[in-house]
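Below you'll find the structure I mean.
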Amino acid sequence: MSIKYSNTNFFSQIIYLSKFWQIWFYPAYYDFKILYSRTYLGSLYSIISKLISITAISLLWSYILKQEFRDFFPYLLFGMLIWFYITGTLQNSVYSLNKNALLLNCFQFPILTMFFRISFLTLINVLQFLPIFILTYIFLIDTNFLYIIFFFIGIILLIISVTLLSTLIGIISSLYRDTGHIINSILGIATMITPLYWKKEMLGKYENLVYLNPFTYYLEISRDVILYSKLNYISFLMVIVMILIKIIILHLLFKYKAKKILFIL
C-alpha cells in the first residue's frame, strides 16, 4: 500500500518522510561532500579552526572568570557544539523554501523535506567533532551510564524541537521576507544572553532569569546532563511543551497557508 502526503497536512508529511527518509538523508549527505570538495584538508580544516577558537576562548575566559581550564573547556566545548547546531539549522532555514521552489512546485517534494535536509546537514557538521567529544568525555568528565541515556534523550528532544522551529522560521520567512534579518539579530543577541561562555550561578540571586531564554532549556537537557550528572526535569518538560506548541502551530500553518506559500514561491 503506497503512502501519500498532502502539502496541507503536516502529519502526513511527517509519516511520508519517515517512510522515505532517503529523499532528505542522501541530499544532505551529498551537500556535505560538496561543501568540502576540492580541498586538501576537507572537513579537518573546519574541525581544527573551531577547536583552536574554543580552546583560546576557554583559556581566556577561564582566566577572567577564575575557573579551572579542566572544568571550563568541556563546558564551553559542549555548549558551543550544541549552539553550532542550533544556529546553523535556524539560519539556513531562512528562505530555504524560496531557494528550493523548483523542487517543491515542479517535482512535488514535501515542504518538510527542505527542513529535514538542513537539520541533518548541520548535524553531520557537528558530528565531525565526535572524536573530540569522546576524548573529552573520557579524560575530563566523570558520570555514570544512567545520565548518558538521559543525555541522548535530551539530544533527540533538542533535534526535534530545533527542526520544528526551523520549519516554522522557514515558512514565515517565505511569507515575510524581513524575517531573515530579524532571526540573525535575535541569534546574535541570544549568543550573549545564553549561558555559553558563562554560568547562570554567576548571576547570583538573578540566576533564574536565564529561564526567560528558551535556549537555556536546550543546554540544560544536553550539556548539563552529561557534564554535571544533573537532571532538571522542568527543562525537559519545557522542551516537550515547546515541541507540542510548535506542532500545533505548524499543523495550522500547513492547513491554512501551505497553498499560499507554494503559490508565491
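Kindly list, by first and then second residue, each pair from a residue in the stretch 38-60 that is within 15 Å of Phe84 (Cβ to Cβ) to a residue that is open to solvent by less than 60 Å² (accessible area, probe 1.4 Å) and modelled with pLDDT under 85, limited to pairs with Cβ atoms under 6 Å and residues at least 6 apart or on different chains.
Qualifying pairs under 6 Å: Ser43/Tyr36.
Enumerate the pairs (first residue in the stretch 226-242 and farther than 13 Å from Phe145 by Cα; second residue anywhere and among the β-branched types (Val, Ile, Thr) and assigned to a helix (DSSP H, G or I)) with beta-carbon separation below 9 Å, excluding pairs fewer than 6 apart on the same chain, so at least 6 apart or on different chains.
What qualifies is Leu231/Val225; Asn232/Val225; Ser235/Thr216; Phe236/Ile153; Val239/Ile160.
Read through the list (1) more than 13 Å from the chain's Cα centre (by Cα); (2) in a helix (DSSP H, G or I); (3) not small (Gly, Ala, Ser), then give the number of the only condition that Phe109 fails.
In the conditions (1) more than 13 Å from the chain's Cα centre (by Cα); (2) in a helix (DSSP H, G or I); (3) not small (Gly, Ala, Ser), Phe109 misses (2) alone.
Determine if the stretch 72-92 includes at least one residue that is without any contact (Cβ under 8 Å) to a residue 60 or more places away in the chain and out of contact with any helix residue (DSSP H, G or I) (no Cβ under 7 Å at 6 or more places or on another chain).
Applying the first criterion (without any contact (Cβ under 8 Å) to a residue 60 or more places away in the chain) to the stretch 72-92 yields 72, 77, 81, 84, 88.
Applying the additional criterion that residues be out of contact with any helix residue (DSSP H, G or I) (no Cβ under 7 Å at 6 or more places or on another chain) yields none.
No, there is no match, as no residue in the stretch 72-92 is without any contact (Cβ under 8 Å) to a residue 60 or more places away in the chain and out of contact with any helix residue (DSSP H, G or I) (no Cβ under 7 Å at 6 or more places or on another chain).
Please go through the stretch 106-133 and pick out each residue that is closer than 16 Å to Ile23 by Cα, touching a helix residue (DSSP H, G or I) at 6+ places or on another chain (Cβ under 8 Å), modelled with pLDDT under 90 and open to solvent by 10 Å² or more (accessible area, probe 1.4 Å).
Phe109, the sole residue that qualifies.
Among Tyr29, Tyr16, which is the only one that is modelled with pLDDT of 85 or more, among the hydroxyl-bearing types (Ser, Thr, Tyr) and either farther than 17 Å from Leu104 by Cα or exposed (fewer than 12 other Cβ atoms within 10 Å of the Cβ) (or both)? Break it down into steps so the answer makes sense when it comes.
Working: Tyr16 fails: either farther than 17 Å from Leu104 by Cα or exposed (fewer than 12 other Cβ atoms within 10 Å of the Cβ) (or both).
After ruling out the rest, the residue left standing is Tyr29.
Okay, moving on. Among the helices (runs of 4 or more DSSP H) contained in the stretch 176-235, which hold 2 or more residues that are more than 21 Å from Ser58 (Cβ to Cβ) and not aliphatic (A, V, I, L, M)? First the steps, then the outcome.
Numbers: elements: 179-193, 215-220, 223-228.
Qualifying helices (runs of 4 or more DSSP H): 179-193.
Kindly indicate the residue of the stretch 213-265 that is under 25 Å from Leu77 (Cα atoms) and basic (Lys, Arg) and also least open to solvent (accessible area, probe 1.4 Å) among those meeting that condition.
Among those that are under 25 Å from Leu77 (Cα atoms) and basic (Lys, Arg), it is Arg223.
Could you check the stretch 32-58 and list, in sequence order, the residues that are open to solvent by 100 Å² or more (accessible area, probe 1.4 Å) and in contact with a helix residue (DSSP H, G or I) (Cβ under 7 Å, 6 or more places away or on another chain)?
None - no residue of the stretch 32-58 is open to solvent by 100 Å² or more (accessible area, probe 1.4 Å) and in contact with a helix residue (DSSP H, G or I) (Cβ under 7 Å, 6 or more places away or on another chain), so the list stays empty.
What number of residues within the stretch 137-157 are hydrophobic (A, V, I, L, M, F, W, C) and outside any helix (DSSP H, G or I)? Outline the logic, then answer.
Step one: filter the stretch 137-157 for residues hydrophobic (A, V, I, L, M, F, W, C), giving 138-141, 145-146, 148-153, 155-157.
After this cut, where a residue has to be outside any helix (DSSP H, G or I) as well, the list is 141.
Total satisfying the criteria: 1.
The values are calculated or read from the model by the stated rules, or taken from the named source; none is laboratory data. Everything numeric in this text was worked out from a predicted model, so none of it was measured. Cβ atoms come from the backbone with ideal geometry, glycine included; neighbour counts cover every protein chain shown. Surface areas here come from the heavy atoms of the whole protein model, side chains and all, with no ligands, DNA or RNA. Shrake-Rupley method; radii C 1.70, N 1.55, O 1.52, S 1.80 Å.
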